[in-house]
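*Asks:* Take a look at this one; I'll ask things after.
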Amino acid sequence: MRLSDYAPRPAHYRWLFDSDPAIRWQVMRDLTDETPDAIAAERFRIATEGWGAKLLARQSPAGNWGGPQEDRGLLVTLYSLVLLMDLGLDPASKQARRMIDRVDKRLAFKPLNNRPFLHGETEPCVNGRILAIGAYFNKPNHGLANQLLREQLEDGGWNCEAVEPSPKRPKSRRSSFHTTICVLEGLLAYEQAGTKSAAVTNARKRGENYLLERGMFRSLRTGEVIDERWLRFSFPTFWHYDVLRGLDYLRNAGVNPDGRVREAIETVIKRRHQNGRWPLNLLHRESSIPLEIETAVGSASRWNTLRALRVLRWYSNSAS
């Protein structure tokens, strides 16, 4: 495997730049190494143009997305906020401040005695995302971070069923990739917001090792692929784990890649089409949001291409 064969070409950049500000500013930051001022100027446009502006406009005055019939878990709101993070909405913009203030002051989980939304609920898969949202938009919740630390399992990961099992299932002592990646992203955002803690760092490292010891997608006990769907890439990911999401987390966390990610990297390379672009392999519709970004399964995906190229760059730079 020669990673140089998969380096982006000028045509790849042109195609990615012919897109939304949310794509362009991340290409400038992660692939073309533009100046900080140029990157910031492009990022600033997310609040007023394209996907970011459309999603912001669909927030209700009450602070939520999804309308008055949204379920009690506020999942449409949760994943709308996650997508705004993924787009890279500048948290310092006035549009972001107005948006997150509505969430902070007006949203609550009614079945949990009106617990404020940014204080989280009961499941770590949801709370990992909420911790990331609060940290990203400069409202980190320290109690929620500590709650997630207490819920880490012996194998290093997390599992929603370990906290609130259904009546038909016993309490789990084995972690879930889906829950673990959600919590890891939350803890990383919490640290990146400037809230440093040795306990958080140690918990995050243990969670990263949970993924790495399993080669990012294999059973530790049998060596078999846990779920073939994890080898196919989606966007938005919502709560779903896949190999590209896991690798992109490690890149963002500054983890130095080793041999344990090699097979996962090869999986990313195999998913590339001959035109040098990565397709949208899966579309998760069960957690719908009021915005369509990329919906043509099998067609070239700018999001998957951007993420795959920066993951391969991360891996290649570590080997050089």
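The values are calculated or read from the model by the stated rules, or taken from the named source; none is laboratory data. Since the structure is predicted, the reported quantities are computational estimates derived from the model, not experimental observations. A quick note on method: Cβ atoms are made from the backbone with ideal geometry, for glycine too, and the neighbour counts reach across all protein chains shown. Ligands, DNA and RNA are stripped out before the accessible areas are found, and what is left, the full protein with its side chains, is counted by its heavy atoms. Shrake-Rupley method; radii C 1.70, N 1.55, O 1.52, S 1.80 Å.
*Asks:* For a quick protection proxy, order the peptides 305-311, 16-22 by their average other-Cβ count within 10 Å, most packed first.
*Replies:* Going by the mean number of other Cβ atoms within 10 Å, highest first, we get 305-311, 16-22.
*Asks:* Using a Gaussian network model on the chain with a 10 Å cutoff between Cα atoms, which of 132, 108, 198 fluctuates the most?
*Replies:* Result: 198 has the largest fluctuation of those listed.
*Asks:* Shifting gears a bit: Could you state the orientation-averaged shadow area of the convex hull built on the Cα atoms of segment 59-212, in nm² to one decimal?
*Replies:* 9.3 nm²
*Asks:* Next question, about the same structure. What's the ranking of 83-90, 239-246 by average number of surrounding C-beta atoms within 10 Å, highest first?
*Replies:* 239-246, 83-90
*Asks:* On to the next question. May I have the pair-distance distribution P(r) for the chain, computed from all Cα-Cα distances with 20 Å bins from 0 and rounded to whole percent?
*Replies:* 32, 61, 7
*Asks:* Okay, moving on. Could you tell me the relative contact order of the chain? Use alpha-carbon pairs under 8 Å, at least six residues apart, and round to a whole percent.
*Replies:* RCO, the chain: 17 percent.
*Asks:* Can you give me the orientation-averaged projected area of the convex hull built on the Cα atoms of segment 12-65, in nm²?
*Replies:* Quarter of the Cα hull surface area: 4.2 nm².
*Asks:* Then there's this: Express in nm, to one decimal, how much length is gained between residue 97 and residue 142 on full extension, taking 0.36 nm for each residue of separation and deducting their alpha carbon distance.
*Replies:* Contour length minus Cα-Cα distance gives 14.2 nm.
*Asks:* While we're on this one: Rank 284, 317, 259 by how far each Cα sits towards the positive end of the charge dipole of segment 189-320 (+1 on Lys, Arg Cβ; -1 on Asp, Glu Cβ) and give me just the farthest.
*Replies:* Of 284, 317, 259, it is 317.
*Asks:* Shifting gears a bit: On the accessible surface of segment 181-320, probed at 1.4 Å, how many percent belong to carbon and sulfur atoms?
*Replies:* Carbon plus sulfur share of accessible area: 43 percent.
*Asks:* Relative to the Cα centre, what is the charge dipole magnitude of segment 103-224, using +1 at the beta carbon of each Lys and Arg, -1 at the beta carbon of each Asp and Glu, and rounding to the nearest 20 debye?
*Replies:* Dipole size: approximately 200 debye.
*Asks:* Still on this structure, please answer the following. What number, rounded to the nearest 500 deg cm²/dmol, is the helix-based mean residue ellipticity at 222 nm of the chain, given -39500 (n - 2.57) per DSSP H run of at least four residues and division by all its residues?
*Replies:* Here the helix-only value at 222 nm equals -15000 deg cm²/dmol.
*Asks:* Another question, if that's okay. For a test of understanding, tell me how many lysine pairs in the chain have Cα atoms under 18 Å apart, given they are 8 or more places apart or on different chains.
*Replies:* 6
*Asks:* So for segment 4-140, averaging the separation of alpha carbon pairs under 8 Å that are six or more residues apart and normalising by length, what relative contact order in percent results?
*Replies:* 19 percent
*Asks:* Around residue 256, with a cut-off of 13 angstrom between Cβ atoms, what is the net charge of the other residues, counting Lys and Arg +1 and Asp and Glu -1?
*Replies:* +1
*Asks:* Express the accessible area of the chain per residue in Å², computed with a 1.4 Å probe while the remaining protein chains stay in the model.
*Replies:* With all protein chains present, the chain gives 46 Å² per residue.
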